[in-house]
1. If I compute solvent accessible area with a 1.4 Å probe over the protein chains, what percent of it on chain A is carbon and sulfur?
2. Using the beta-carbon distance between A:Lys413 and A:Ile810 and R0 = 60 Å, what value does 1/(1 + (r/R0)^6) give for FRET efficiency, to the nearest 0.05?
3. Hand me the trypsin sites (Lys or Arg not before Pro) from the range A:37-137 located in a DSSP loop with no more than 16 other Cβ atoms within 10 Å, in residue order please.
4. Tell me, what is a quarter of the convex hull surface for the C-alpha atoms of chain A, in nm² with one decimal?
5. The range A:180-220: Rg/Rh from Cα coordinates, Kirkwood Rh?
6. Rounded to two decimals, what is the ratio between the C-alpha radius of gyration of the range A:700-819 and 2.2 N^0.38 Å?
7. What is the spin-label model distance, in nm, from A:Lys93 to A:Ser30 if the labels are put 7 Å beyond Cα along the C-beta direction?
8. Report the rotationally averaged projected area of the range A:532-635 based on its alpha-carbon convex hull, in square nanometres.
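The values are calculated or read from the model by the stated rules, or taken from the named source; none is laboratory data. The shown structure was predicted, so the numbers you read here are calculated from the model rather than taken from an experiment. Methodologically, a virtual Cβ is constructed for each residue, glycine included, from the backbone with ideal geometry; neighbour enumeration extends over all protein chains shown. Heads up: the accessible areas ignore ligands, DNA and RNA and are worked out on the full protein's heavy atoms, side chains in. Shrake-Rupley method; radii C 1.70, N 1.55, O 1.52, S 1.80 Å.
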Amino acid sequence: MAPKYDFSAIEKKWQKRWEEESISRAEDFSKKPKFYCLVEFPYPSGEGLHVGHPRSYTALDVLARKRRMEGWNVLYPMGFDAFGLPTENYAIKTGIHPAVVTERNIETFTAQLKSLGFSFDWDRRVVTTDPAYYRWTQWIFLKMYEHGLAYKAKMPINWCPSCRIGLANEEVVGGACERCGATVEQCEKEQWLLRITKYADRLIEDLVTVDYLERIKTQQINWIGRSEGALIKFSVISCKLKVSEVEVFTTRPDTLFGATYMVLAPEHGLLAKGKLQIANRAEVDEYIVKARGKTDAERIAEGKEKTGVELKGIRAINPANKEEIPIFVADYVLGGYGTGAIMAVPAHDERDFAFAKRYHLPVMEVVSPLNQHLSAMTELYVGEGVLINSGKFSGLKSEEAKWKITEFVGGKKQVQYHLRDWIFSRQRYWGEPIPMVYCEACALRDPSGQGWVPVPEGELPVLLPNVARYEPTDTGESPLAAVTEWVNTKCPKCGGPAKRETDTMPNWAGSNWYFLRYTDPRNDRALADPKKLSYWTPVDWYNGGMEHTTLHLLYSRFVYKFLHDIGAVPKECGPEPYRKRTAHGMILGEGGEKMSKSRGNVVNPDEMVERFGADAFRVYEMFMGPFDQDIAWNTNGLVGTYRFLERVWKLFQTNDEKLKTENGGQQQKLDQILHKTIKKVTDDIEKFRFNTAVSALMILLNEMEKNNLQLTTYNLQLFLKLLAPFAPHITEELWHELRYKTSIHLEKWPVYDPNLIMESEVTVAVQVNGKLRGTVRAPAGSAQDVVERLIRGDAKLQEALKGRTIEKTIFVPDRLVNFVVYPVRS
RNA sequence: GCCGAGGUGGUGAAAUUGGGAAACACGCCAGCCCUAGGAGCUGGUGCCCGCAAGGGCUUGUGGGUUCGACCCCCACCCUCGGCACCA
């Protein structure tokens, strides 16, 4: 009796053997071509692995295994991004130290990942909470500070009055605190920022050099939001006398003659008390206070209903036509973008138009589409066109007029971005300490400096102190602020008493550069050895989630570029960290909704592996649908791939005693389909079309089962090699049953023979007026007259053509014949 | 509102990119086998008409280009994701 497919025993056996033999170790400086493939390392949450994680890991595992078999020196590493809020919150709730929780979670994750048979090079594991690792995260911060890219500034932050804690944007859901549901307030706080805006242009421009999915590129470009425009100064007058100036940013200087009023954001500096003689000061102040107290949620709720107050007693001068125009304060103008002031052109801007209508302000049309005039106050035109009512510039096209008018009024070209500098401090315990010290004495001595002194490189890492409590303090500071013996230190510059920065870095800090550390994970003299960096970097293929496109992916490109600029990453690695970026779709619950504990629709991968085995699980994750698409989990589908593997198992059991090296007439047909499958699977893996690759293997199995008795060792071993990247354990077991002594994963990947996949005879479709009426078999490459002769010999097809006049015949070699005929009149 | 992805059987989907729509799998139906099955095997399965042979229809909707359209063009509808007063 043939043995059962005991996946559990087989999988455990081989996982142990592979680990002992280190079959997936990456070799530094190997002569083989290198291939660095990367997946986003997980956050080791208490919930353990989600069925979504293995989708990406399996995909790149398939790629990595295939590439190894093709002779590449593959680096496929794994690590843990372990700083973060959930661990800290768990610690607050249970009183267990975050470090202990983290260690436990990493153990669980590691066991789960190992049970799935991924070919990670575990020797290169990195963990972001390891001081030997975050030492270099801190070092990067110091370098940024040294190069003027890290600075401290007062910033409005999200404040939860109930938790008494500052929240990251990601932690605010619909204007409410993610944890307690209280309404989030805005509050000003000193924050560390990184000057990512300095890299904005390069982050856009260099995208042309990399192979990212197009939607990833456009999303990043939109996020950065570069726009070219002009800065133009408007004089402010009071009683006909110039009292001040306001500079505006506009992308449409061509519409300057149509600027009929001006608007300042409530945050605009000119509105500060005492700066101007505003007749209705009280009314204006009231508006400003109200506007600045609004939460984001309120602003969104108000939608496009625009409000504002005119500043009485002062006017602005339109520099183009010297007309006096009113000045408003209105919260539809944002303080944080451009100059915080705009020229309003109601005829050619939707928002200005809406505002002008409400406050009965003049609408002056200055750009005409195709020289057709608009009827005043009823229509607006936001496109470009030909200028009218614009003095000597009338008749010019918008594009040309833009810069001529800018020059005429003494303005200058200006580029603006939506991207803001990156707020890099959190009032949290479980993060990397920011290696800065505040020294009051140094601040007094050097009034230009802010009193911030970097911790000397030699003193890194600044260790996160062990504390008993992680609760936020009453002052809204980081829990670290309460650890006085840690906070109080000596100033590295003057030796006097000083205080450590108590904010920590955000959870993105460790993931900014982890892929560099994989090349040299234990280096204690540099973040990585330059030689190893130049051997492995850049990453050849990086797969991750779309949700990181404008977060981790953008951040790490910025940090990499910086490290490259300062030489910490060698020049020859190039200016971009990732050559290719793909994205996987999310796995949803069985009902098509996002998996979550509260919905109770979470599928546990351990349970699936226990019931069906890691191989069936892997094959299912690859087969379930297109890789880049969101898809609902369906355990029945997993049953299907389990059946597939079980049939593979059975096929080998029945063949075991009668292995052949040659066989009869079926061989040619089998070879053909085998080689077609080699081509299909090889291509599909490279294109990340795993679902069709698996389906090709299923078709091949169906065919092999039909020819069970004719199968040779050659057929069987080719099949196993193609299946090996997807189902590494069962194929290894069966490979050894074929009496091989070494691992199938060290074998050569099969190459298809183009001669074998050629068809000698093809089926040609026969259509009449585009409708299928039958088919004929013909030798491959048959000429039109040969095929037509065959059609004439087919009674059924003749019936379909009977009594019809053929007007035209379309012939596509080896595919179809289409007869175009006149309709029959009855 | 803007940007992006998408809409094909009961379900997940496939279609060499303009050439036989629905491969592969799930589910379902029938039969076989078994003490039994949520196991296995065989066959069937887009929809409509028909006992059948056969015929008609079918890729969100409406137009168009073409001998021929899931595929290209125009207009519209719907779903999902991101951004959202960015001047």
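1. Values: 19560 of 37850 Å².
So the carbon and sulfur contribution to the accessible surface is 52 percent.
2. On the way: r = 58 Å, r/R0 = 0.96.
Step by step, r from the Cβ atoms, then E = 0.55.
3. Numbers: sites: A:Arg55, A:Arg65, A:Lys66, A:Arg67, A:Arg68, A:Lys93, A:Arg104, A:Lys114, A:Arg124, A:Arg125, A:Arg135; in loops: A:Arg125.
In loop regions of the range A:37-137 (DSSP not H, G, I, E or B), there are no sparsely surrounded trypsin sites (Lys or Arg not before Pro).
4. Values: hull surface 196.4 nm².
Convex hull of Cα atoms, orientation-averaged projection: 49.1 nm².
5. On the way: Rg = 17.0 Å, Rh = 13.8 Å.
My calculation puts Rg/Rh at 1.23.
6. Numbers: Rg = 22.5 Å, N = 120, 2.2 N^0.38 = 13.6 Å.
Rounded to two decimals, the normalised Rg is 1.66.
7. 4.4
8. Numbers: hull surface 35.2 nm².
If you wrap the Cα atoms of the range A:532-635 in a convex hull and average its projections, you get 8.8 nm².
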